[in-house]
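Accompanying notes for the structure given below.
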Amino acid sequence: IGAVLALSGIVGGLLVKDMGVPAPLAFLAGIGVGTLCGWLNGVIVTRFRINALITTLAMMNILRGVTQLISPSGVANLPDEFKPFGQTIILGLQSPFWVMLTIVILAWFAMTRMRFFRQFYYIGSNARAANLSGIKVDRVTLIGFVLMGTLSGLAGTLLASRLSNAVLLAGVGVELRAITAAVLGGASLNGGVGTIAGAFLAILFMALIQNALVITRVPVFWQSIVVGVVLLVAIGLDQVGRKGR
């Protein structure tokens, strides 16, 4: 997701600055790149039966390489018409916050109220059983990858707009933070459990910790250590809980 984020921001920035594409179209193109990457990941996993972890790790390296090829130094000083997407102030907060909150609400509703999205839980618990019960596992899995790519593309273009720069190394290490937030929020690496609300609260908790470290002037490398420790503790507690059950 970090590599998709970076590539999407670079593509949107190149289109609007170097090719003169209208800002809304460039923004949508950046999201489209993320969607395409998600679809490609999903096809590799569902059609060629390659392990999802291996697939996404390989694609991470491929997409980082592609990003460096098309823009070795990033895209700086994006045009003013591209900035409102990520810099508009609403009730004292920048627009990316409200986009995030909207997505959280929609995702919560989908996962708790919509039959189709509930299938992700069943597949996560036991994909074979889900398939035998009539769920189209490959199709649902592919849609999951597409959604992840789309959201990563949205994050990348919003970040580029917010910073007024498409940064080449944007999203480095964000995968670890995403996993940490999911597990800390109640998801299991074994699949089948977890909530949107839990992940959202975990993200806020991690942001609170990071801000506290910044305010107290803790060196950057210690911040990475703290995130790693939090992930290990969260996974450890998950395993202990599973054994208890």
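The values are calculated or read from the model by the stated rules, or taken from the named source; none is laboratory data. Computed from a predicted structure; not experimentally measured. Neighbour counts run over all protein chains shown; Cβ positions are idealised from the backbone, glycine included. Just the protein is used for accessible areas: all its heavy atoms, side chains included, with ligands, DNA and RNA removed. Shrake-Rupley method; radii C 1.70, N 1.55, O 1.52, S 1.80 Å.
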Handout entry: Residue ranges of helices (runs of 4 or more DSSP H) in the stretch 137-245 with at least 3 members among the polar types (S, T, N, Q)
Key = 137-163, 220-244
Handout entry: Subset tally (residues that are touching a residue at least 12 places away in the same chain (Cβ under 8 Å), part of a helix (DSSP H, G or I) and out of contact with any Ser or Thr (no Cβ under 7 Å at 6 or more places or on another chain)) for the stretch 113-126
Key = 7
Completion exercise
Of the residues in the stretch 94-111, those that are more than 17 Å from the chain's Cα centre (by Cα) and open to solvent by 50 Å² or more (accessible area, probe 1.4 Å) come to Q94, F109
Fill in the blank from the handout: From the option list G134, G191, G171, single residue qualifying as within 20 Å of V4 (Cβ to Cβ) and of a type outside the set (V, I, T) is G171
Handout entry: Flag if R139 is open to solvent by 20 Å² or more (accessible area, probe 1.4 Å), touching a helix residue (DSSP H, G or I) at 6+ places or on another chain (Cβ under 9 Å), under 20 Å from G2 (Cα atoms) and not hydrophobic (A, V, I, L, M, F, W, C)
Key = no
Exercise for the section: Can you work out which of the residues in the stretch 164-177 that are surrounded by fewer than 17 Cβ atoms within 10 Å (Cβ to Cβ) and not β-branched (V, I, T) is nearest to V99 (Cα to Cα)? Expected result: E175
Exercise for the section: Taking V193 as the residue in question, decide whether it is surrounded by 17 or more Cβ atoms within 10 Å (Cβ to Cβ), at pLDDT 85 or above, closer than 29 Å to R128 by Cβ and touching a Gly at 6+ places or on another chain (Cβ under 9 Å). Expected result: no
Handout entry: Where a residue in the stretch 216-241 is under 17 Å from A202 (Cα atoms) and polar (S, T, N, Q) and its partner, wherever it lies, is surrounded by 12 or more Cβ atoms within 10 Å (Cβ to Cβ) and at pLDDT 80 or above, with Cβ under 8 Å and at least six apart
Key = Q223/Q210; Q223/L213
Problem - Residue check for I54: surrounded by fewer than 16 Cβ atoms within 10 Å (Cβ to Cβ) and under 22 Å from V140 (Cβ atoms) - result: yes
